[in-house]
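Chemist: Have a look at this one.
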Amino acid sequence: MRQKWMKIKLVSLCMTALSSHAICAGERSTAEAVPQTPTIQQMGVTVTDGRVELRCAISNDTSHPIWVYAQAPDREDVNGARGTNATLFAGEDDVTLLVLRRMNSPLSGVMGERVAARYVRLSPGQSRAEVFCVILPFVVIPPRSDWKLILAIEERARTISRLTFELGYYTDDDLHCEESRSPRSRVVFDKSGQSVRIEDHLEDGIWTRERAIRMSLDGIRASLNRWLSCWRDTTGYHASETTVRALRHTFYVNRRVLSAEDLWYGETLLQVDPNLFDDRARRVAGIYMRLAEGDLDPNELTTCLDRALAKNERMGMLRELYRQQALAQIPQSPLTTPAQAVGELFCGFAIDAHTYGYARRLFEISEDLLTPEAREIRRAYLALFEMRLRPNELPEKLDRIMNTEERDRLLDELLKRQSIRDEAGWGPRQDGAS
């Protein structure tokens with residue numbers, strides 16, 4: 001039987017902090033050690049069939065402020081929608097898997113598009129908790145993913161023995177240096193002076209100055225194929241190519257009136273699975289369909305869209321539709337039972353110990369013993385496990401059913417009933433029983 005939890009032999013847990021020079025992701029540094037560098041302390045490692053996670057503390061042991069990568073997961077990305085906050089790349093030696101939280105990557109300078117990330121200030125002597133989290137299987141999406149990982153999926157034989165975690169950061173000099181302020185890059189500090197957003201092109205600019213704190217974990221033995229999945233469109237829906245071409249032609253002919261942003265929005269919306277549409281989405285999609293079919297004056301597009309839904313609401317609606325479609329397209333989770341699911345959430349620090357214990361005991365109770373309130377509580381947990389409910393939304397949903405004290409009393413009563421049944425040695429009546 002395949003074990004859900006992998007046994008890990010920690011041969012060595014080594015930390016390498018390299019801050020004297022900028023280093024490329026996965027690059028082996030030949031630079032001499034520098035006395036004052038940020039340091040990383042490992043607080044906990046979780047490696048299961050469903051998650052790779054490193055919890056650590058970053059300390060600024062230098063005499064100057066540093067700016068540490070703090071970009072939140074991209075909820076419009078299929079991996080980010082599941083809670084992954086790092087990217088994966090194959091190492092140069094073919095046995096290392098890079099887990100990166102930084103702007104720099106092995107693909108930097110290849111695609112020629114803009115990249116952006118948020119960094120936070122860490123003063124001398126301060127520490128900051130960090131979490132690298134990768135929900136498995138990690139979805140590899142061509143062409144922007146590492147081709148080595150795509151090959152690993154196809155070969156179904158590659159084994160990794162090392163995980164290398166890298167966290168990007170900049171010094172004050174890096175951000176304020178005139179050389180880094182190329183016409184194509186932007187460094188924008190917030191009003192508090194504690195956060196900065198960096199926008200840059202991949203092929204030049206400030207990202208080349210990014211430094212990294214690195215930690216490697218040896219002794220891992222895992223089949224990379226089991227950790228990865230290639231992107232597949234499982235919705236089976238695509239907008240008619242004729243409709244999309246007609247929409248593009250309309251925008252081209254009326255480019256002085258219609259904006260590229262509206263074209264992007266229309267194309268994106270029309271390629272979302274219509275089964276996910278609510279009334280608002282159907283109204284907005286209908287307007288674009290009328291425009292593509294020549295039944296709407298291009299000059300009236302903005303007015304019609306604003307009447308259907310305000311612009312900020314339209315953008316929010318599209319983000320949510322994209323997130324729902326991304327979640328529908330991910331491979332099935334290897335988790336098969338509620339007990340395994342709640343274990344993964346607890347190990348990933350998504351829920352606290354009380355929530356974990358309550359869920360485990362609740363799902364041990366025979367379903368026919370549950371009261372209507374208990375069934376409703378159980379459905380709330382199932383929504384959490386299936387990612388239809390976020391962890392921070394669970395307490396409010398449970399409180400609408402019963403308050404904490406009432407839920408605890410209910411669980412105690414159900415556990416007593418279950419215990420009586422177990423001691424008596426009889427179970428729920430089965431179909432066909434005499």
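The values are calculated or read from the model by the stated rules, or taken from the named source; none is laboratory data. Quick caveat: nothing in here was measured; it's all calculated off a predicted structure. Neighbour counts run over all protein chains shown; Cβ positions are idealised from the backbone, glycine included.
Chemist: Within the stretch 288-307, work out how many residues are of a type outside the set (K, R), surrounded by 15 or more Cβ atoms within 10 Å (Cβ to Cβ) and assigned to a helix (DSSP H, G or I).
Modeler: Number of matching residues: 8.
Chemist: If I ask for residues that are farther than 14 Å from L318 by Cβ and crowded, with 16+ Cβ neighbours inside 10 Å, which ones from the stretch 254-279 would you list?
Modeler: Matches in the stretch 254-279: L258 only.
Chemist: Identify the residue in the stretch 214-236 that is at pLDDT 80 or above and among the basic types (K, R) and, among all such residues, is surrounded by the fewest Cβ atoms within 10 Å (Cβ to Cβ).
Modeler: Among those that are at pLDDT 80 or above and among the basic types (K, R), it is R221.
Chemist: Let me ask something additional. If you check every pair at least six apart or on different chains, which have Cβ atoms under 6 Å apart with a residue in the stretch 146-161 that is closer than 23 Å to L217 by Cβ and in the same structural domain as D218 (by TED's automatic domain parsing) first and a residue that is modelled with pLDDT under 75 and surrounded by 13 or more Cβ atoms within 10 Å (Cβ to Cβ) second?
Modeler: I153/C230
Chemist: Here's something else I'd like to know. So L384 clears everything in (1) assigned to a helix (DSSP H, G or I); (2) modelled with pLDDT of 85 or more; (3) touching a helix residue (DSSP H, G or I) at 6+ places or on another chain (Cβ under 9 Å) except one condition, right? Which one?
Modeler: Here L384 meets the rest and fails (2).
Chemist: Which residues, counting only those in the stretch 273-287, are over 19 Å from T243 (Cα atoms) and in a helix (DSSP H, G or I)?
Modeler: If the condition is that a residue be over 19 Å from T243 (Cα atoms) and in a helix (DSSP H, G or I), then L276, D279, R280 are the ones that fit.
Chemist: Collect the residues in the stretch 144-159 that are in a loop (DSSP other than H, G, I, E, B), at pLDDT below 75 and over 19 Å from the mean Cα position of the chain (by Cα), keeping them in residue-number order.
Modeler: R156, A157
Chemist: Six or more apart or on different chains, Cβ atoms under 7 Å: show the pairs whose first residue is in the stretch 258-270 and in the same structural domain as P298 (by TED's automatic domain parsing) and whose second is surrounded by 16 or more Cβ atoms within 10 Å (Cβ to Cβ) and aromatic (F, W, Y).
Modeler: L258/F251; L263/F251; G266/Y288; L269/Y288; L270/Y288
Chemist: Pairs please, first residue from the stretch 398-424 and in the same structural domain as A380 (by TED's automatic domain parsing), second anywhere and in a helix (DSSP H, G or I) and basic (K, R), Cβ atoms under 7 Å, 6+ apart in sequence or on different chains.
Modeler: So the pair list comes out as L398/R407; L411/R361; L415/R361.
Chemist: Give me the pairs: first residue in the stretch 376-390 and within 14 Å of P338 (Cα to Cα) and surrounded by 15 or more Cβ atoms within 10 Å (Cβ to Cβ), second residue of a type in the set (V, I, T) and at pLDDT 80 or above, beta-carbon distance under 8 Å, and six or more apart or on different chains, which are they?
Modeler: If the second residue must be of a type in the set (V, I, T) and at pLDDT 80 or above, the pairs left are I377/I401; A380/I401.
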